[in-house]
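This is the structure I have questions about; it appears just below.
The values are calculated or read from the model by the stated rules, or taken from the named source; none is laboratory data. As the structure is a computational prediction, the values presented were derived from the model and not from experiment. All Cβ positions, glycine included, derive from the backbone under ideal geometry; neighbour counts span all protein chains shown. Ligands, DNA and RNA are stripped out before the accessible areas are found, and what is left, the full protein with its side chains, is counted by its heavy atoms. Shrake-Rupley method; radii C 1.70, N 1.55, O 1.52, S 1.80 Å.
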Amino acid sequence: MNIIVNVDNNWAIGNKNRLLVSIPNDMKHFREETTGKVVVLGRKTLETFPQGQPLKNRTNIILSRDKSFQVRGASVVHSLEDLTEELKRYRDEDIYVVGGESVYRMLLPYCNVAHVTKTDHEYEADAYFPNLDSDGQWEVVADSDEQTYFDIPYRFLKYERKGM
């Protein structure tokens, strides 16, 4: 399973239920990675999408503790057990965990590949992704050249779990 995320220098990912930064090339990278695939996300992350709707051209699986929560165009599951059962229908390499913080933390142990856009900045934040650089289970296997959006440097990293 894959995980895809944009982090700042402190591995922060959001503030007040919003992304820290919106970089067009990062959004393009996200679309290219996930189109035609399965995306797994929490209800609060879904609410941040345009009109709060599932992502087009993807199979959307929403995790929500609210048993009555439903959304047109997506599957809704209410527990890790339900999610695990739902994900058996798909190829592991076609599944992308896309947030937010609690979903990332819950599913990172099941992921073998992490696509990380690392933004060279420190934002005010209240949501964080686990620091893969300080986790001995992960190693960088691909690193793009540094790019810049206005005055914000960033690069695309691909991490893999060691011993895959």
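What accessible area, in Å² to the nearest ten, does a 1.4 Å probe give for LYS88?
That residue has around 140 Å² of solvent-accessible surface.
Amide H to amide H, which residues 5 or more places from ASP8 or on other chains are under 5 Å from it, using H placed in the peptide plane?
Amide H neighbours of ASP8, under 5 Å, 5+ apart: THR119.
Taking the convex hull of the Cα atoms, report for segment 9-95 its projected area averaged over all directions, in nm².
Seen from a random direction, the Cα hull of segment 9-95 projects 6.7 nm² on average.
Which distance in Å, rounded to a whole number, links the C-alpha centroids of segment 53-84 and segment 102-153?
Going from one Cα centre to the other spans 24 Å.
How big is segment 77-119 in terms of Cα radius of gyration and Dmax, in angstroms?
Rg then Dmax for segment 77-119, in Å: 11.1, 35.
Mind counting lysine pairs for me in the chain? Cα separation below 17 Å, and the two need to be 8 or more apart along the chain or on different chains.
Qualifying lysine pairs in the chain: 9.
Continuing with this model, one more query. Given ASN60, GLN70, LEU80, which one lies farthest toward the positive end of the charge dipole of the chain, if we put +1 on the Cβ of every Lys and Arg and -1 on the Cβ of every Asp and Glu?
The residue sitting farthest along the positive end of the dipole is GLN70.
Quick one: which residues, 5+ away or cross-chain, put their amide H under 5 Å from the amide H of GLY100? H built at 1.01 Å from N.
HN-HN under 5 Å from GLY100: GLY42, THR45.
Return the FRET efficiency for the residue pair ILE152, ARG31: r is the Cβ-Cβ distance, R0 is 30 Å, and the value is rounded to the nearest 0.05.
0.95
So what are the ³J(HN,Hα) numbers for segment 57-64, from phi and the Karplus equation (6.51, -1.76, 1.60; θ = phi - 60°), rounded to whole Hz, Gly and Pro as x?
Using θ = phi - 60°, the values come out as 6, 9, 8, 9, 10, 9, 9, 8 Hz.
Helix-derived [θ] at 222 nm for the chain: sum -39500 (n - 2.57) over DSSP H runs of at least 4, divide by residue count, nearest 500?
Value at 222 nm, helices only: -5000 deg cm²/dmol.
Select from ARG105, ARG31, ARG72 the residue whose mean-square fluctuation is largest in a Gaussian network model of the chain (Cα-Cα springs shorter than 10 Å).
ARG72
On to the next question. Mind checking which of HIS121, PRO153, GLY100 is farthest towards the positive end of segment 85-164's charge dipole, using Cβ charges of +1 (Lys, Arg) and -1 (Asp, Glu) about the Cα centre?
Of the options given, the answer is GLY100.
Taking only Cα atoms, what is the 0 to 90° angle, nearest 10, from helix 24-34's long axis to the longest principal axis of the chain?
Value to nearest ten degrees: 40.
Which order do the peptides 127-138, 146-157 take when ranked by the mean count of other beta-carbon atoms within 10 Å per residue, highest first?
Ranked by mean Cβ neighbours within 10 Å, highest first: 127-138, 146-157.
Taking the Cα centre of the chain as the origin, how large is its charge dipole in debye, to the nearest 20, when only Lys and Arg (+1) and Asp and Glu (-1) carry charge on their Cβ atoms?
So the magnitude is around 820 debye.
Express in Å², to the nearest 10, the accessible area of HIS121 obtained by rolling a 1.4 Å probe over the protein heavy atoms while all chains stay in place.
Rounded to the nearest 10, that gives 80 Å².
What residue among SER68, SER102, SER144 has the largest mean-square fluctuation in a Gaussian network model of the chain, using Cα springs under 10 Å?
Most flexible of the set in this elastic network: SER68.
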